[in-house]
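Only one structure is covered here, and it is reproduced in the block below.
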Amino acid sequence: MERLPHKLQLKLSERLTNGSMRSLKKGGDLIDFSSNDYLGLAGKKMINEATTAILKERNLNENGATGSRLLTGNHILYKELEDFLALYHNSKTALVFNSGYDANIGFFSSVPQRGDIILYDELVHASIRDGIKMSNAKSYKFKHNDLKNLGEKISLSLRAQSRSKDSEIYIVTESVFSMDGDSPDIKALADFCAKNGCYLVIDEAHATGIFGDGKDLVCQLGLEEKVFARIITFGKALGSHGAVVLGSHDLKTYLVNFARSLIYTTALSPHTVASVLSAYQYLETSSSADRLELKENIKYFKEQIQFLNLNGGFIESNSAIHSLIIPRNERVKQVSKNLQSEGFDVKPILSPTVKAGQERLRFCLHSYNTKEEISRVLSITRNLIK
Ligand SMILES: Cc1ncc(COP(=O)(O)O)c(C=O)c1O
């Protein structure tokens with residue numbers, strides 16, 4: 001049937017009117033300032049070859065997992081990967097999900113219960129918000145990276161809902177924010193949670209593989225014991241696909257029993273799990289040069305924005321993500337389009353993905369960007385926004 005229901009047509013026209021229509025574009029060969037492949041692992045031949053070797057050694061020939069993890073899909077590589085991940089990220093256990101999106105909706109829809117309270121940073125990723133929407137707990141957002149506001153919101157939420165003896169408070173944030181590239185004070189959050197008996201949950205998608213000698217930011221800070229759960233994704237610096245929830249034995253058992261996005265879906269194929277395993281083996285043994293290059297590029301990028309007097313427009317960040325605020329969808333799209341015609345892939349981030357007025361160009365930096373590419377993309381950007 002051709003006809004789209006009227007209400008849907010209206011929503012699409014609204015997108016057209018406010019310049020936020022999305023469409024799928026084919027990948028190009030522009031200079032990459034937009035992928036999440038921060039260390040270039042997605043294209044590493046060594047990892048590809050190691051994946052094939054793992055499958056061959058274990059005689060794993062199936063193209064697919066053949067079922068969910070609770071039925072026929074829990075092939076031997078899952079245990080190998082989960083044992084590795086628990087050790088590598090210094091966690092009691094690890095539970096692999098099909099994606100970061102699945103891990104977040106599975107965790108947040110099943111863990112916080114009716115009568116519990118969830119406090120989440122206003123800028124957390126859509127997958128966390130979607131999971132929270134599916135939960136029976138009450139949720140409140142707090143101002144971005146603002147511990148004082150978090151304290152106020154807790155008092156307000158407790159006043160709105162008298163806390164019974166068994167109601168729990170979950171505090172949710174990201175260690176590196178996907179749109180701003182900045183980080184909360186995780187140590188202060190962990191202390192706050194310990195003092196107030198709250199459960200701290202941290203999405204480490206954009207810190208994984210980069211901070212903590214290739215582990216994550218919680219590991220770098222030595223706070224593993226103080227965090228209730230960490231969500232690590234494999235689609236960013238690992239250059240692969242999937243995700244893991246790190247936490248206690250009881251948490252893992254609970255999720256295996258109640259996280260619907262783990263239970264009711266076909267498991268990852270042996271090939272995907274082998275590719276995650278080999279990406280991690282590479283990360284552990286061979287990635288320090290890639291990380292150093294990325295670190296140097298981040299430093300150089302920051303020096304250049306200072307030199308070009310662009311620093312006022314950029315959100316302060318020490319990660320691989322650097323955002324330059326350029327308000328209005330049409331304007332930021334035009335700047336991105338002009339950069340593309342100069343050979344640079346820098347994506348515009350539009351409202352409603354970010355708040356209106358906070359539209360931006362998001363530069364993702366990589367180990368494989370050259371200094372020349374960085375200075376050129378920034379000086380062209382400066383000329384475009386002058
Ligand atoms: C902070 C954060 N969490 C979770 C996800 C979802 O991860 P995945 O792409 O593996 O579904 C993303 C990716 O976009 C993200 O940026």
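Average accessible surface for the chain: 50 Å² per residue, computed with a 1.4 Å probe over protein heavy atoms with every protein chain in place. In the chain, the DSSP beta bridges split such that about 50 percent are antiparallel, to the nearest 5.
Separation of the stretch 311-380 and the stretch 19-40, taken as the distance between their Cα centroids, equals 12 angstrom. For the chain, the dipole from Cβ point charges (+1 on Lys and Arg, -1 on Asp and Glu) about the Cα centre works out to 1340 debye, to the nearest 20.
Taking the 1.4 Å solvent-accessible surface of the stretch 288-385 as the whole, the part contributed by carbon and sulfur is 50%.
What are the ³J(HN,Hα) values, in whole Hz, obtained from phi via the Karplus relation 6.51 cos²θ - 1.76 cosθ + 1.60 with θ = phi - 60°, for each residue of the stretch 70-75 in sequence order, with x given for Gly and Pro? So the Karplus estimates, Gly and Pro as x, are 7, 10, 9, x, 8, 5 Hz. Ile385 sits with roughly 40 Å² accessible to a 1.4 Å probe, with DNA, RNA and ligands left out of the calculation.
Distant-in-sequence amide contacts of Asp182, defined by a placed amide H-H separation under 5 Å and a gap of 5 or more residues or a different chain, comprise Phe177. Anisotropy class assigned to the stretch 98-225 is prolate, per the alpha carbon gyration tensor with a/c at or over the 1.5 cut-off and a/b larger than b/c. Whole-Hz Karplus values for the stretch 371-386 come out as 4, 4, 4, 5, 5, 5, 4, 6, 6, 5, 4, 4, 5, 6, 9, 4 Hz, taken residue by residue from phi with 6.51 cos²θ - 1.76 cosθ + 1.60 and θ = phi - 60°; glycine and proline positions read x. Electrostatic tally near Glu174: other residues with Cβ closer than 9 Å to its Cβ, Lys and Arg +1, Asp and Glu -1, net -3. Of the solvent-accessible surface of the stretch 47-285, computed with a 1.4 Å probe and all protein chains present, 50% belongs to carbon and sulfur. Residue pairs exceeding 24 angstrom between C-alpha atoms, taken from Lys295/Lys347; Lys236/Lys302; Lys138/Lys347; Lys44/Lys252; Lys92/Lys215: Lys138/Lys347; Lys44/Lys252.
For Phe307, neighbours were defined as the other residues whose beta-carbon sits under 14 Å from its Cβ, and their charges (Lys and Arg +1, Asp and Glu -1) total +4.
The residue list Ala53, Ser91, Asn318 was ranked by how far each Cα lies along the charge dipole of the chain toward its positive end, using unit charges on Cβ atoms, and Asn318 comes out on top. Sorting 32-38, 184-190 by their mean Cβ neighbour count within 10 Å, with the most densely packed peptide first, gives 32-38, 184-190.
The values are calculated or read from the model by the stated rules, or taken from the named source; none is laboratory data. Since we're looking at a predicted model, the values are computed, not measured. With ideal geometry, Cβ positions are generated from the backbone for all residues, glycine too; neighbour counts draw on all protein chains shown. Ligands, DNA and RNA are stripped out before the accessible areas are found, and what is left, the full protein with its side chains, is counted by its heavy atoms. Shrake-Rupley method; radii C 1.70, N 1.55, O 1.52, S 1.80 Å.
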